[in-house]
Amino acid sequence: MSLHAKLLERQHNPLRVGLIGAGKFGAMYIAQVQKTTGVHLVGIADVSPANAKENLRRTGWPVHAYGAASLDAALKERRTHLSDDWEALVRHPGIDIIIESTGNPPAAIEHALAAFRNRKHVVMVTVEADAFCGFLLAQKAAEAGVVYSLAYGDQP
């Protein structure tokens, strides 16, 4: 069965994703996710929510799609919430998967470890973090019973 078919099966119960970092690599993801059936980008945490908002606009997102007042509202309304609070995103029980795309290896490691503690799967876009300590991150994910995967940042 294809990935597309699997995602179609989830259109009424989508994968609930949180994105940390909406810069260059994050923008590549947000440009695609809006058109991906079976995935709901619940929240974006970025040190500059204004820049994240600009990247959403630039990639064709309508304003109403990312105007959720909170993560809870985003889940209820099937919209996206923007903030600078990555810890709230990682802690939220309604998020299944964290995509780490900050491009900052020390921060990426911190984000991944926090996600594992909160039983979240992690897709690591910050490839340098994996190059530095991917073996340890994979071990910590296994201990937490979650999946740690790579997306190779600028290698689409």
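The values are calculated or read from the model by the stated rules, or taken from the named source; none is laboratory data. On a predicted model such as this, the values are computed, not experimentally measured, just so you know. Note: ideal-geometry Cβ built from the backbone for every residue, glycine included; neighbour counts use all protein chains shown. Please note that ligands, DNA and RNA were not included when accessible areas were found on the heavy atoms of the full protein model with its side chains. Shrake-Rupley method; radii C 1.70, N 1.55, O 1.52, S 1.80 Å.
Other residues with beta-carbon under 10 Å from the beta-carbon of Ser101 carry, at +1 per Lys or Arg and -1 per Asp or Glu, a net charge of -1. At a probe radius of 1.4 angstrom, the accessible area of the range 21-133 per residue rounds to 47 square angstrom. Computed from label points 7 Å out along Cα-Cβ, the spacing between His12 and Ser83 is 3.1 nm.
Counting Lys and Arg as +1 and Asp and Glu as -1, what is the net charge of the other residues whose Cβ lies under 13 Å from the Cβ of Ala144? Don't skip to the answer; put the middle values down first.
Working: positive: Arg117, Arg119, Lys120, Lys140; negative: Glu143.
My count for the surroundings of Ala144 gives +3.
All C-alpha pair distances within the chain, sorted into 5 Å bins from zero, spread as 2, 10, 20, 23, 22, 15, 7, 1, 0 percent across the bins. Estimated at the nearest 10 Å², the accessible area of Val147 is 90 Å² with a 1.4 Å probe.
For the residue pairs Lys24/Lys76; Lys6/Lys120; Lys76/Lys140; Lys35/Lys140; Lys53/Lys140, the alpha carbons lie more than 26 Å apart in Lys24/Lys76; Lys76/Lys140; Lys35/Lys140; Lys53/Lys140. Of all DSSP bridge pairs formed entirely within the range 1-145, close to 0 percent run antiparallel. Other residues within the sphere of radius under 10 Å centred on the Cβ of Ala129, judged by their own Cβ, net out at -4 (K and R +1, D and E -1). On the protein heavy atoms, probe 1.4 angstrom, tell me the percent of accessible surface of the range 13-149 carried by carbon and sulfur. It is 55 percent, rounded to a whole number.
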